[in-house]
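The structure that follows is given in the form of structure tokens.
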Amino acid sequence: MPDSVALEAFFFRALNANALVESLDEEGRLDSPPTVDSETGSEALTSFSPKAQVQAHRMGEVYKLLYCLENSVRELVESALREAYGADDWWEKGVLEKIRKSADNRKKDDLKARWHGPRGESPINYVDFPQYADVIVDQWTLFEDLLGDRDWVVSYFNEMNRTRRALAHTGRLAAADVSRMELRVEDWIRVVG
């Protein structure tokens with residue numbers, strides 16, 4: 001009997017130790033943080049905790065996916081509208097007035113911050129992510145052949161915006177959320193090519 005109790009206790013401690021290691025790994029506490037950001041060369045990162053540095057690095061990889069996705073959406077929307085309405089009229093004829101006003105206000109606000117560069121030359125750069133779905137749905141005849149299902153588009157942008165907001169506001173995504181985002185980005189690529 002004492003041997004079985006000791007064995008059970010050993011297994012219990014091993015399970016707890018494994019759970020602790022998994023938790024520490026998920027929090028980034030087992031990784032070595034970079035001492036200098038390889039992209040920007042910024043040594044300022046070393047002023048922050050190793051945990052924050054590792055998490056920032058992990059979320060930076062997810063942000064790359066988001067950046068590519070959002071720019072892919074912008075390119076698709078603008079090119080479809082330019083093709084349909086021409087280079088001079090695509091913005092006025094292809095984008096709802098409330099979205100144009102919102103984008104114009106955002107651009108005016110950005111212009112006040114003269115120390116900061118512009119988001120881009122095109123007014124599409126000032127549209128909020130969920131508003132792309134509104135433009136697509138409003139101009140559905142231009143996108144139907146490519147995207148196929150209007151409800152999927154609305155659902156897709158709503159779901160992806162939740163992840164986008166978390167990243168944009170320096171939130172940390174769980175591993176399951178990152179996996180879901182990767183799958184959803186692959187869905188977009190599969191649909192639009």
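In whole Hz, with x marking every Gly and Pro, tabulate ³J(HN,Hα) for the range 104-121 from phi via Karplus 6.51 cos²θ - 1.76 cosθ + 1.60, θ = phi - 60°.
5, 5, 5, 5, 4, 5, 5, 5, 5, 8, 5, 6, 10, x, x, 6, x, 7
If you don't mind, there's one more thing I want to ask. Please give every one of the lysines within straight-line cross-link reach of Lys107, meaning a C-alpha to C-alpha distance under 27 Å, and leave out same-chain neighbours fewer than 8 residues apart.
Counting by Cα, and skipping residues close in sequence, Lys107 has these lysines nearby: Lys64, Lys93, Lys98.
From the protein chains alone at 1.4 Å, what is the descending order of accessible area for Trp115, Trp188, largest first? Walk me through the intermediate numbers first.
Details: Trp115 210, Trp188 5 Å².
Ranked list, largest accessible area first: Trp115, Trp188.
For the full complex of protein chains and a 1.4 angstrom probe, list Glu182, Glu97 by accessible area with the highest value first.
Ranked list, largest accessible area first: Glu97, Glu182.
Trypsin sites (Lys or Arg not before Pro), restricted to the range 63-148: which are DSSP loop and have at most 15 other Cβ atoms within 10 Å?
Sites meeting the loop and neighbour criteria: Arg114, Arg119.
Tell me, in nm to one decimal, what length is gained between Glu97 and Glu75 on full extension, where the rule is 0.36 nm per residue of separation less the Cα-Cα distance?
Values: separation 22, 0.36 × 22 = 7.92 nm, distance 1.99 nm.
Gain in length upon complete extension: 5.9 nm.
Now, a different point. For Leu147, what is the net charge nearby, where nearby means another residue's Cβ is under 12 Å from its Cβ and Lys, Arg count +1, Asp, Glu -1?
Local charge sum for Leu147: -3.
Another one. What does the charge count near Ile136 come to, summing +1 for each Lys or Arg and -1 for each Asp or Glu among other residues with Cβ under 11 Å from its Cβ?
Once positives and negatives cancel, what remains is -2.
Here is a follow-up. Quick one: if you stick a label point 7 Å off each Cα along the C-beta vector at Asp89 and Asp138, how many nm between them?
Reported label-point gap for Asp89 and Asp138 is 1.6 nm.
Extension gain Lys107-Arg184, at 0.36 nm per residue separation less the Cα-Cα distance, in nm?
Once the chain is fully extended between Lys107 and Arg184, it gains 24.8 nm.
Need one number: nm distance between label points at Arg82 and Ser49, each 7 Å from Cα along Cα→Cβ, rounded to one decimal.
Placing both labels 7 Å along Cα→Cβ, they lie 4.7 nm apart.
With a 1.4 Å probe and all protein chains left in place, how much accessible area per residue does the range 62-186 have, in Å²?
60 Å²
How high is the FRET efficiency between Ala176 and Ser42 when r is their beta carbon distance and R₀ equals 45 Å, given to the nearest 0.05? Intermediate results must be reported in sequence, preceding the final value.
Working: r = 30 Å, r/R0 = 0.67.
E(calc), rounded to 0.05, equals 0.90.
Can you check how the C-alpha radius of gyration of the range 108-158 compares to 2.2 N^0.38 Å, as a plain ratio? Could you put the intermediate results ahead of the total?
Working: Rg = 14.6 Å, N = 51, 2.2 N^0.38 = 9.8 Å.
Normalised by 2.2 N^0.38 Å, the Cα Rg of the range 108-158 equals 1.49.
The values are calculated or read from the model by the stated rules, or taken from the named source; none is laboratory data. Being a predicted model, the structure only gives us computed values, none of them experimental. Here Cβ is always computed from backbone atoms with ideal geometry, including for glycine, and neighbour counts include all displayed protein chains. Keep in mind that these areas ignore ligands, DNA and RNA; they rest on the heavy atoms of the full protein, side chains included. Shrake-Rupley method; radii C 1.70, N 1.55, O 1.52, S 1.80 Å.
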